[in-house]
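Only the coordinates and a few stated rules stand behind these numbers; no lab work does. As the structure is a prediction and not an experimental result, all values here were calculated from the model. As a convention, Cβ positions derive from the backbone with ideal geometry for all residues, glycine included, and neighbour counts pool all protein chains shown.
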Amino acid sequence: MTDILLIHGAWHGGWCWDRTAALLRAQGWRVACPDVAGDTLAACAAALPWAPVVVGHSLGGMLAEAMDPAPRVLIHLCSYLPLPGDSVASLDRLIPAPPRNWPRDDLGRLVLPPDAARAMLYDDCRDADLSRLRPQPVGPLRDPLPGPRKQTTRHYVLCDRDRAILPAAQRAMLDRAPVDHLHHRPWGHSPFQSDPQALADLIDAIAR
């Protein structure tokens with residue numbers, strides 16, 4: 001039985017949660033942080049184990065919203081916050097921004113160059129291991145979220161220094177898709193790397 005499921009975002013794996021998961025386990029929680037697998041939004045969501053508390057980071061928020069049944073508590077960590085019919089691609093167009101045209105590998109998956117990863121995802125992290133990033137299938141970014149919107153208690157952690165999903169984009173999503181609780185933190189896009197203790201404490205406080 002899992003108490004808390006941690007869902008990683010694009011280009012990552014369950015490894016990115018290692019520090020946060022260890023701290024939560026030390027607080028008594030049973031935590032799962034699997035590698036997301038699948039080439040479509042539906043396949044990725046279907047492969048995830050259910051838990052009463054789910055944390056979705058970045059793309060992981062879209063996957064969490066697609067889970068069926070929904071968790072009792074859903075924590076969006078500087079994540080995409082969709083309504084039915086939205087995709088990551090459509091949410092990226094909510095505010096004006098330069099297009100991001102990432103290179104692709106032989107399988108058509110998106111490859112994030114190290115310089116871009118360091119600037120967007122890890123600008124406030126000293127010891128990020130960029131070698132562990134992996135190509136990202138396009139399907140979960142392109143596929144729309146099916147409806148209706150599920151009933152759950154939603155928390156959103158707005159990261160005020162995020163360079164991947166800009167704070168203005170996070171606020172634009174919140175304006176159209178209300179949540180039950182909003183938390184502001186002075187973090188960049190990867191608090192599981194930059195401030196795992198404070199992130200674990202926040203998840204612990206919400207989950208109790």
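Which one is nearest to H8 (Cα to Cα) among residues in region 182-206 that are out of contact with any strand residue (DSSP E or B) (no Cβ under 6 Å at 6 or more places or on another chain) and assigned to a loop (DSSP other than H, G, I, E, B)? Checked region 182-206; the qualifying residue nearest to H8 (Cα to Cα) is S190. In region 171-200, of all residues being out of contact with any Leu (no Cβ under 8 Å at 6 or more places or on another chain) and charged (D, E, K, R), the one that is nearest to I75 (Cα to Cα) corresponds to D180. Among the residues that make up region 187-201, is at least one of them acidic (D, E) and more than 17 Å from D92 (Cβ to Cβ)? Yes; the residues of region 187-201 include at least one that is acidic (D, E) and more than 17 Å from D92 (Cβ to Cβ). Among the residues making up region 73-103, a single one is polar (S, T, N, Q) and free of Cβ contacts under 8 Å to residues at least 40 places away in the same chain: N101.
Right, A119: surrounded by 15 or more Cβ atoms within 10 Å (Cβ to Cβ), touching a residue at least 24 places away in the same chain (Cβ under 8 Å) and small (G, A, S) or not? Taking the combined requirement at face value, the residue does not satisfy it.
Under the condition of being closer than 19 Å to P135 by Cβ and basic (K, R), the residues counted in region 80-107 number 2.
When you scan region 152-176, how many residues do you find that are of a type outside the set (V, I, T) and surrounded by 19 or more Cβ atoms within 10 Å (Cβ to Cβ)?
Of the residues in region 152-176, the ones of a type outside the set (V, I, T) are 154-156, 158-164, 166-176.
Filter again for surrounded by 19 or more Cβ atoms within 10 Å (Cβ to Cβ), leaving 154-156, 158-159, 162, 164, 169-170, 173.
So the count comes out to 10.
Considering region 53-80 alone, what residues qualify as being among the hydroxyl-bearing types (S, T, Y) and touching a strand residue (DSSP E or B) at 6+ places or on another chain (Cβ under 6 Å)? The answer is S79, and nothing else.
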